[in-house]
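> Here it is, the structure in full.
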Amino acid sequence: MNPIKSVAILFSFASTLLASCPLFADGRPYTVKANNKVDSDTFIGYKVYRTWCARCHGTFGQGLAASDLTKTLKTTDRDEFFTVVARGKKGRIGVMPAWQSNDSVMKNRDRIYSYLRARADGALGAVTPELID
């Protein structure tokens, strides 16, 4: 493939990916108010996380049979997070499955990231979030 065409395709993909992951004015992918009220994308991320991820990573990402995501995300960027979610990962204890064939997870991984980023940053505690009014 032509190298220029490859770069153009990569740039197009990256632009699409970043467009689906909004950043708020402060540079964070979430909004948290009054300790547990979150924006709609972060709220959806919490709901999807609870459905597919909590059984291993704990109710609020604090770790259970799998890693504590509130600590892991302090050193994991968005791209690495997306890759691990899609492809899975072999850990010290077990294996995280690849979610690339799960449409619910893949369509919402940016929202899951927003929820977990809020937890990792300490903006949202180990509480059930509510939607900002």
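The values are calculated or read from the model by the stated rules, or taken from the named source; none is laboratory data. Not measured: the values here are computed from a predicted model. Using ideal geometry, Cβ is built from the backbone for each residue, glycine included, and neighbour counts are taken over all protein chains shown.
> Check the stretch 88-104 and report whether any residue there is among the acidic types (D, E) and either modelled with pLDDT under 95 or surrounded by 12 or more Cβ atoms within 10 Å (Cβ to Cβ) (or both). Reasoning before the result, please.
First pass over the stretch 88-104, keeping only residues among the acidic types (D, E): 103.
The next check asks that each one be either modelled with pLDDT under 95 or surrounded by 12 or more Cβ atoms within 10 Å (Cβ to Cβ) (or both); those that pass are none.
Checked against the condition, which is being among the acidic types (D, E) and either modelled with pLDDT under 95 or surrounded by 12 or more Cβ atoms within 10 Å (Cβ to Cβ) (or both), the stretch 88-104 yields no hits at all.
> Further question on the same structure: Scan the stretch 111-120 for residues that are of a type outside the set (S, T, N, Q) and either modelled with pLDDT under 95 or surrounded by 22 or more Cβ atoms within 10 Å (Cβ to Cβ) (or both) and jot them down. Don't jump to the end; show me each part of the working.
Filtering the stretch 111-120 for residues of a type outside the set (S, T, N, Q) gives 111-113, 115-120.
Scanning the stretch 111-120 gives R111, I112, Y113, Y115, L116, R117, A118, R119.
> Then there's this: Go through the stretch 78-87 and give me each residue that's over 10 Å from the mean Cα position of the chain (by Cα) and either at pLDDT below 95 or not charged (D, E, K, R) (or both).
Those that are over 10 Å from the mean Cα position of the chain (by Cα) and either at pLDDT below 95 or not charged (D, E, K, R) (or both): T83, V84, A86.
> Within the stretch 77-88, can one find any residue that is assigned to a loop (DSSP other than H, G, I, E, B), touching a residue at least 40 places away in the same chain (Cβ under 8 Å) and more than 21 Å from R28 (Cβ to Cβ)? Give the derivation first.
Pass one, the stretch 77-88, residues assigned to a loop (DSSP other than H, G, I, E, B): 77, 88.
Within this subset, residues satisfying the condition of being touching a residue at least 40 places away in the same chain (Cβ under 8 Å) are none.
Within the stretch 77-88, none of the residues are assigned to a loop (DSSP other than H, G, I, E, B), touching a residue at least 40 places away in the same chain (Cβ under 8 Å) and more than 21 Å from R28 (Cβ to Cβ).
> Consider only pairs whose beta carbons are under 9 Å apart and that are at least six residues apart or on different chains; among these, list those whose first residue lies in the stretch 38-58 and is over 27 Å from G91 (Cβ atoms) and whose second residue is of a type in the set (F, W, Y) and surrounded by fewer than 21 Cβ atoms within 10 Å (Cβ to Cβ).
These pairs meet every condition: D39/F24.
> Follow-up question, since we're still on this one. For residues in the stretch 40-65 being surrounded by 14 or more Cβ atoms within 10 Å (Cβ to Cβ) and in contact with a strand residue (DSSP E or B) (Cβ under 8 Å, 6 or more places away or on another chain), which is modelled with the lowest pLDDT?
C56
> Moving on to the next point. Which of the residues spanning the stretch 121-133 are in contact with a helix residue (DSSP H, G or I) (Cβ under 7 Å, 6 or more places away or on another chain) and surrounded by fewer than 16 Cβ atoms within 10 Å (Cβ to Cβ)? Write out each step before concluding.
Here is the first cut: in the stretch 121-133, the ones in contact with a helix residue (DSSP H, G or I) (Cβ under 7 Å, 6 or more places away or on another chain) are 124, 129, 131.
Hit for the stretch 121-133 is L131, nothing else.
> Here is a further query. Quick one: in the stretch 97-128, which of the residues that are free of Cβ contacts under 8 Å to residues at least 60 places away in the same chain and among the hydrophobic types (A, V, I, L, M, F, W, C) is nearest to T70 (Cα to Cα)? Let's see the steps before the verdict.
As a first pass, look at the stretch 97-128 and keep what is free of Cβ contacts under 8 Å to residues at least 60 places away in the same chain: 97-107, 109, 119-120, 122.
Subset that is among the hydrophobic types (A, V, I, L, M, F, W, C): 98-99, 105-106, 120.
Numbers: A98: 20, W99: 20, V105: 19, M106: 20, A120: 4 Å.
Filtering the stretch 97-128 for residues that are free of Cβ contacts under 8 Å to residues at least 60 places away in the same chain and among the hydrophobic types (A, V, I, L, M, F, W, C), the one nearest to T70 (Cα to Cα) comes out as A120.
> Would a scan of the stretch 95-109 turn up a residue that is part of a loop (DSSP other than H, G, I, E, B) and of a type in the set (F, W, Y)?
Narrowing the stretch 95-109 to residues part of a loop (DSSP other than H, G, I, E, B): 97-102.
Subsequent filtering for residues that are of a type in the set (F, W, Y) retains 99.
Looking for residues that are part of a loop (DSSP other than H, G, I, E, B) and of a type in the set (F, W, Y), one finds at least one in the stretch 95-109, hence yes.
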